[in-house]
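Q: Dropping the structure in here first, questions after.
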Amino acid sequence: RRSGWCTSCYPARISPCSTGSRGPKSYIALDLAFAISTGEKWGGLETQAGPVAWIAAEAAGSLRLRAAAYARQHGMELENADLWIVDSALSLMDTEDATALTQALVSKRPKLIIVDTLAAASGGANENSGEDMNKVLDSCRLLHRETGATVLLVHHSGKDEGRGARGWSGIKAAVQTELLATNNEGRRTLRVTKQRDGVEGDMWPIVLVPIPVTDDLEACTVEVGERILPAHIDQGSLAKLRGVQAIVMRAIADLSLIEGGGVLIEDVYDTAADMLPPPPPEQRDRRKFTVKRNLETLVERNYLTIAADMVFIREPEKMEGK
């Protein structure tokens, strides 16, 4: 099945490790797909290895380039990834399409089914219509019920990211987990904005990495940092800090509350330096150097982590002494 077309699959064909779609959301989803299909860790977390099915409802052709870039970056052979691509036109609004797709995937027993994107796979459904979107969600429930897979929908946020997914508000109510990919002046993060029966607010720093595939072509992959609890300070751990380290930690916590996650390392230098007493007029101002040195010590002590020029507060249990 990894060496050719699956001729028994509906609506047309399922190919091993082809590739598709646009935007950082799809890059992140593809990175997760490869991690699960090869049993590798993702974002510092263990994965449950198994087949992954990718419903490439748009731009399926570009998926090949992205897969090649991922393989080169990670030094792997694509045939070792248990990743299947459905690259045929289908609509989750259509009961026959949804049923046939489910039947095709049952034999694969996927751990994860990725729909990229929800809008493209919805066959012209009105995103603001509860009636239309409930039909699409019913198809997703069918996929989950019959295959046992988690169904991941790649979707767009509205103009106001704070209000969540674009379209009908019932989409968020229907899902178990919602993750929001954001890009704030080049600082990319993935944040849990809904977790039914769980903790919300966990974040992962995301870095886009261009990888040359041929002499003339390159494609982006992503590097996903370890899970971070933003704007959280464990008071017990903080009480162990003294002097400049305590000031640096407080500056980062204050900035995190404002930014809603990681903060630029340069902002930390500026803010923490301003919290230190100024030197006498005749002496050189070395406050930023002092902040930098103490920040590096906090990283070594596992209070902080740095990714893509951003600083994050680590989970309390990973801090020194925990």
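Q: Which whole-number percentage describes the relative contact order of the stretch 30-76, with Cα contacts under 8 Å and a sequence gap of 6 or more?
A: 26
Q: Return the subset of Lys108/Lys135; Lys25/Lys172; Lys25/Lys292; Lys41/Lys240; Lys108/Lys172 for which the Cα-Cα distance in this structure is over 26 Å, preserving the input order. Walk me through the numbers before you get to the answer.
A: On the way: Lys108/Lys135 24 Å; Lys25/Lys172 17 Å; Lys25/Lys292 33 Å; Lys41/Lys240 32 Å; Lys108/Lys172 28 Å.
Result: Lys25/Lys292; Lys41/Lys240; Lys108/Lys172 exceed 26 Å.
Q: Net charge near Gly123, counting Lys/Arg +1 and Asp/Glu -1 over other residues with Cβ under 9 Å of its Cβ?
A: Working: positive: none; negative: Asp94, Asp97.
In short, -2.
Q: If each residue of separation counts as 0.36 nm, what is the full-extension length gain between Val299 and Glu223 once their alpha-carbon separation is subtracted?
A: Fully extending the segment from Val299 to Glu223 adds 25.4 nm.
Q: Between Glu46 and Glu131, 0.36 nm times their residue separation minus their Cα-Cα distance comes to what?
A: On the way: separation 85, 0.36 × 85 = 30.60 nm, distance 3.76 nm.
Full extension from Glu46 to Glu131 adds 26.8 nm.
Q: On to the next question. Sort 277-284, 45-52 for me by packing, meaning the mean count of neighbouring Cβ atoms within 10 Å per residue, highest on top.
A: By packing density, highest mean first, the sequence is 45-52, 277-284.
Q: Could you do me a favour and compute the accessible area per residue for the stretch 69-138, 1.4 Å probe, result in Å²?
A: 42
The values are calculated or read from the model by the stated rules, or taken from the named source; none is laboratory data. Since the structure is predicted, the reported quantities are computational estimates derived from the model, not experimental observations. Note: ideal-geometry Cβ built from the backbone for every residue, glycine included; neighbour counts use all protein chains shown. With ligands, DNA and RNA removed, areas are computed over all heavy atoms of the protein, side chains included. Shrake-Rupley method; radii C 1.70, N 1.55, O 1.52, S 1.80 Å.
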